[in-house]
Amino acid sequence: MKKIMLMLGLVTFVVTIALTISACSASTGHSVHGVAGIVTRNTGEWKTLSKKKQKEISKPIPKKYRGTWYTWNVFKNRKERVQIKDRSLEYAYRTKKGKYVALDRYQGNKLAAWTTKYGHLSVNYILKTKSGDKYKFFAENFTLNRTKQGVRVTIPAIWNTTINYNKKITFRKKMKNRPWANLK
């Protein structure tokens, strides 16, 4: 009986230490703006951009993507929206009190957008260096594709388990209620 209690105590101690270490290491990443507390940036990767790409990322987002687009997240049972302006993109969800909380936001010189080889728009979170043509790219990036239904957004791969299990979500212009609310 003493051996079982000793082993149980030892396992509890090891689990407690492991959870404390993982919590400390998770809190060291810097948050986007501290509102949602979900997205943390990774360390990023430095890349050199050509003059053509540098010119393209300084341009505004094309008008066909701009606006406020909505969808219903079935997995989290909540309304989500993407607000796209000429130099900003914000991904947010609606709380039960009716307020929107931003999960991720790119704006100003933190946003880089260029057309991919498939004609989609790649929106990335970057940091620019003081000198040279080097930019620091982070893993959180969106790919936007304009369809007849609305804007199809490919969300970052690291979000798939925490926010939405879909890789691609179609956002529409208007959505007042849940998709199945009118079926009663």
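The values are calculated or read from the model by the stated rules, or taken from the named source; none is laboratory data. Note that the structure is predicted; figures quoted are calculated from it, not measured. Here the Cβ positions follow ideal geometry from the backbone for every residue, glycine too, while neighbour counts run over all protein chains shown. Areas reflect the complete protein model, heavy atoms only, side chains present, ligands, DNA and RNA absent. Shrake-Rupley method; radii C 1.70, N 1.55, O 1.52, S 1.80 Å.
Quick notes
- Summary of packing: across the peptides 71-78, 104-111, 3-10, 149-156, the per-residue average of other C-beta atoms within 10 Å ranks them, highest first, as 149-156, 104-111, 71-78, 3-10.
- Listed pairs K55/K117; K99/K136; K47/K173 exceeding 26 Å between Cα atoms: K99/K136; K47/K173
- Net length gained if the chain between Q107 and M1 were fully extended (0.36 nm per residue, minus Cα distance): 32.0 nm
- At full extension, R152 and N77 could sit 25.1 nm farther apart than now, given 0.36 nm per residue minus the alpha carbon distance.
- A 1.4 Å probe run over segment 44-116, with the rest of the protein chains in place, finds 59 Å² accessible per residue.
- Here the average projected area of the convex hull drawn through the C-alpha atoms of segment 44-116 stands at 6.4 nm².
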